[in-house]
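Trainee: Sharing a structure below in structure tokens format, with a few things to ask.
The values are calculated or read from the model by the stated rules, or taken from the named source; none is laboratory data. Bear in mind the structure is a predicted one, so any value in this text is a computation, not a measurement. Glycine gets a Cβ as well: all are built from the backbone with ideal geometry, and neighbour counts include every protein chain shown.
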Amino acid sequence: MTEIKSLTLEELKSALKDMGEKPFRAGQIFKWLHEGVQSFEEMSNISKELRAKLAEHFLLTVPEVACKQVSQVDGTVKYLWKMRDGDCVESVLMHYEHGNTACVSTQVGCRMGCKFCASGLGGLKRHLSAGEILDEVLFMQRDSGEKINNIVLMGTGEPLDNYDNVLKFLNLVTRPEGICIGQRHISLSTSGIADKIEKLAGEKLQITLSVSLHAPDDETRSSIMPVNDAYPVERLMRACNYYFDTTGRRISYEYMMARDKTDQPWQAEKLAKLLRGRPSHVNLIPLNEVAESPLQPSTKESVRRFQQALEKRGVTATVRRKLGPDIDAACGQLRRRELNQTP
């Protein structure tokens, strides 16, 4: 059965026409779907007959809150959603001065195998559909009663490994008939699948691309990110150059600060040299400890020195503020804990 929330407005119009219904109804239905209705019966301006036909032809996905953690420090909310097939994914609702940001997952698990991330410890189970990714946003809004202003695709999974569904999600979430979040308020984070970065450039989107670099040299990067074996640093940077030349959009480089692994002075110098002349921004990320990983967070002083070394060499660098320090903050930890507790 087709997931109705994964249909674009145009696809919904076509489906209704095939059912003998007037295409203009698609706009009404689309609006209801993007308000997070939990059943077709909630669509009060749709006839009872049409609601019955919708229930017969389409699946309406409604995720269930399996676990919810609220930080007593800053109000960050972490959700573990149970999907229709029993799989669980995480989302985070973060509060900033400029509005509310939703961090969403794009896959159940992940195949990238990064050594510092809990998301990939069990490998990839499946891709999320466009509608399931959208559900994370819709039901965070519904549960919290707060409007989401920004979206970051930085939860569990590699967005570019689920390319078609992610692109469709971006189409859905930016539609003015729906929740209408502008592309410039959306960030997509990738571990560095170079050919998909180049493909994404061709879409000419106005989103922010965030590349998880985490090390400026192949030896270090391959030891913590297996994707580097397929797309070494030089190949990745060529793709990033192409992306900027094609879209004109500055790239944000995420750099994880791990003690004695990625925080050495020579690495700051090499990173600055790598990015010299490129319109870019480096986001230094204090490592979230994962029990199964030997990596440890850098000291605050090491992070400060690394940032200063970059800025001294003309590279803009900021340190990501940790949100939700009293909850399972690292990506994948809440899902993994839940799986470990399941008999």
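Trainee: Show the residue pairs that are 6+ apart or on different chains and have beta-carbon atoms under 8 Å apart, the first residue being within the range 120-139 and within 10 Å of ASN165 (Cβ to Cβ), the second being assigned to a strand (DSSP E or B) and among the acidic types (Asp, Glu).
Mentor: Listed by first residue and then by second, the contacts come to SER129/GLU3; GLY131/GLU3; GLU132/GLU3.
Trainee: Name the residue, out of THR220, THR262, that is surrounded by fewer than 21 Cβ atoms within 10 Å (Cβ to Cβ), in contact with a Ser or Thr (Cβ under 9 Å, 6 or more places away or on another chain) and within 21 Å of SER119 (Cβ to Cβ).
Mentor: Exactly one of THR220, THR262 is surrounded by fewer than 21 Cβ atoms within 10 Å (Cβ to Cβ), in contact with a Ser or Thr (Cβ under 9 Å, 6 or more places away or on another chain) and within 21 Å of SER119 (Cβ to Cβ), namely THR220.
Trainee: Here are ARG51, ARG25: which of them is in contact with a Leu (Cβ under 8 Å, 6 or more places away or on another chain) and either in contact (Cβ under 8 Å) with a residue 24 or more places away in the chain or not assigned by TED's automatic domain parsing to the domain that holds ILE181 (or both)?
Mentor: ARG25
Trainee: Now a separate question. Of all residues in the range 80-119, how many are of a type in the set (Gly, Ala, Ser) and free of Cβ contacts under 8 Å to residues at least 12 places away in the same chain?
Mentor: The number of residues fulfilling the criteria is 1.
Trainee: Which one of these is surrounded by fewer than 17 Cβ atoms within 10 Å (Cβ to Cβ), touching a strand residue (DSSP E or B) at 6+ places or on another chain (Cβ under 8 Å) and either in a helix (DSSP H, G or I) or basic (Lys, Arg) (or both): LYS68, LYS22, LYS78?
Mentor: Just one listed residue meets the conditions, LYS68.
Trainee: Now for a different question. Which residues, counting only those in the range 25-55, are in a helix (DSSP H, G or I) and acidic (Asp, Glu)?
Mentor: Listed by number, the residues that qualify are GLU41, GLU42, GLU49.
Trainee: Out of all the residues in the range 1-19, which are part of a helix (DSSP H, G or I), of a type in the set (S, T, N, Q) and either in contact with a helix residue (DSSP H, G or I) (Cβ under 8 Å, 6 or more places away or on another chain) or in the same structural domain as LEU138 (by TED's automatic domain parsing) (or both)?
Mentor: SER6
Trainee: Any residue that is touching a strand residue (DSSP E or B) at 6+ places or on another chain (Cβ under 8 Å) and surrounded by fewer than 19 Cβ atoms within 10 Å (Cβ to Cβ) - is there at least one of those in the range 112-122?
Mentor: Looking through the range 112-122, at least one residue is touching a strand residue (DSSP E or B) at 6+ places or on another chain (Cβ under 8 Å) and surrounded by fewer than 19 Cβ atoms within 10 Å (Cβ to Cβ).
Trainee: Could you list, in sequence order, all residues of the range 246-259 that are surrounded by fewer than 19 Cβ atoms within 10 Å (Cβ to Cβ) and either in contact with a Phe, Trp or Tyr (Cβ under 9 Å, 6 or more places away or on another chain) or free of Cβ contacts under 8 Å to residues at least 24 places away in the same chain (or both)?
Mentor: Within the range 246-259, GLY248, ARG249, ARG250 meet the criteria.
Trainee: Checking the conditions here, which among GLY192, GLY277, GLY202 is of a type in the set (Gly, Ala, Ser), in contact with a strand residue (DSSP E or B) (Cβ under 8 Å, 6 or more places away or on another chain) and assigned by TED's automatic domain parsing to the domain that holds SER105?
Mentor: Sole residue among the options that is of a type in the set (Gly, Ala, Ser), in contact with a strand residue (DSSP E or B) (Cβ under 8 Å, 6 or more places away or on another chain) and assigned by TED's automatic domain parsing to the domain that holds SER105: GLY192.
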